[in-house]
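Enquirer: Supplied in structure tokens, the structure appears directly below.
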Amino acid sequence: MRTPQSHNLGVGQLTILTMVNMMGSGIIMLPTKLSEVGTISIISWLVTAVGSMALAWAFAKCGMFSRKSGGMGGYAEYAFGKSGNFMANYTYGVSLLIANVAIAISAVGYGTELFGAALPPLQIGLATIAVLWVCTIANFGGARITGQISSVTVWGVIIPVVGLCIIGWFWFSPSMYVASWNPHHVPFFSCLFY
């Protein structure tokens, strides 16, 4: 007798999904924003890394103390009841909507630069909607399909980053790094939370 196929994600696929999310928002999108500040922005990356580890630790602790399923919503329900579950999941859902649109706009922006296309605002909006729909359709297959897609696409980030890290050392200039530390003389704490 065949057992039903599991549609759950394993630890490896969950790790890859987390890597894709962190690399997509951290490695691909942040440099364009942080380059305005200067190389002092490396401190912001360290603050972000510490914050990410603190969140991971907090979620691990919540998972140890609460056996409720549902992740963040389940932990909030354990502590605050059903209204806590609703608020946690609702705010997470809203943040995902905003983040997905921002990532799609960035993808269209990078695509226009890559292909040298100058699109008017209406076409940028339509291209953004198309990117969102392509990603949505890819997720119709369920969590396992999404994990398998991420297992492939993660290499689209890892290979260029590792390549730049290795090849970039040949052009690294410590004097230029120091000279561009804070070119606009932004106050220290403003640089941290820019």
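Only the coordinates and a few stated rules stand behind these numbers; no lab work does. Bear in mind that the values here come from a model prediction, so they are computed numbers and not experimental data. So basically every Cβ, Gly included, is an ideal-geometry build from the backbone, and we count neighbours across all protein chains shown.
Enquirer: Dipole of the chain, Cα-centred, from +1 at each Lys and Arg C-beta and -1 at each Asp and Glu C-beta, to the nearest 20 debye?
Expert: Dipole magnitude for the chain comes out near 680 debye.
Enquirer: Near LYS68, within a Cβ-to-Cβ distance under 12 Å, what is the net charge of the other residues, with Lys and Arg +1 and Asp and Glu -1?
Expert: Once positives and negatives cancel, what remains is +1.
Enquirer: For LYS61 and LEU30 in one chain, what is 0.36 nm times their gap in residues minus the Cα-Cα distance, to one decimal in nm?
Expert: 8.3 nm
Enquirer: While we're looking at this one, here's another question. Using helices alone, I'd like the mean residue ellipticity at 222 nm for the chain: each DSSP H run of four-plus residues gives -39500 (n - 2.57), total over residue count, nearest 500.
Expert: The per-residue figure over the chain is -23500 deg cm²/dmol.
Enquirer: Now for a different question. For the residue pair TYR110 and PHE140, what label-to-label distance in nm results when each label sits 7 Å from Cα along the Cα-to-beta-carbon direction?
Expert: For the pair TYR110/PHE140, the computed spacing is 2.6 nm.
Enquirer: So what does the Cα-only Debye profile of the chain read at q = 0.09, 0.14, 0.18, 0.19 Å⁻¹, as log10 I(q)/I(0), no solvent term?
Expert: Scattering profile of the chain, log10 relative to I(0): -0.49, -1.14, -1.50, -1.54.
Enquirer: Another one. Need the full-extension length gain, ALA79 to MET176, defined as separation in residues times 0.36 nm minus the C-alpha distance. One decimal, nm.
Expert: Length gained between ALA79 and MET176: 29.8 nm.
Enquirer: Here is a follow-up. If I build a Gaussian network model for the chain, linking alpha-carbon pairs within less than 10 angstrom, which residue out of VAL154, VAL162, VAL47 has the largest mean-square fluctuation?
Expert: Top of the fluctuation ranking is VAL162.
Enquirer: Going toward the positive end of the dipole of the chain, with +1 on Lys and Arg Cβ and -1 on Asp and Glu Cβ, which of ILE124, GLY142, TYR177 do you reach last?
Expert: GLY142
Enquirer: Something else about it: Sorted from largest down, what three extents in whole angstroms do the Cα atoms of the range 65-153 have along their principal axes?
Expert: 52, 28, 19
Enquirer: A further question on this structure: What whole-number value in cubic angstrom gives the convex hull volume per residue for the C-alpha atoms of the range 85-127?
Expert: Hull volume normalised by residue count: 57 Å³.
Enquirer: Only Cα pairs within less than 10 Å get springs; with that Gaussian network setup on the chain, which residue of CYS165, CYS135, CYS62 has the largest fluctuation?
Expert: Looking only at CYS165, CYS135, CYS62, the biggest GNM fluctuation is shown by CYS165.
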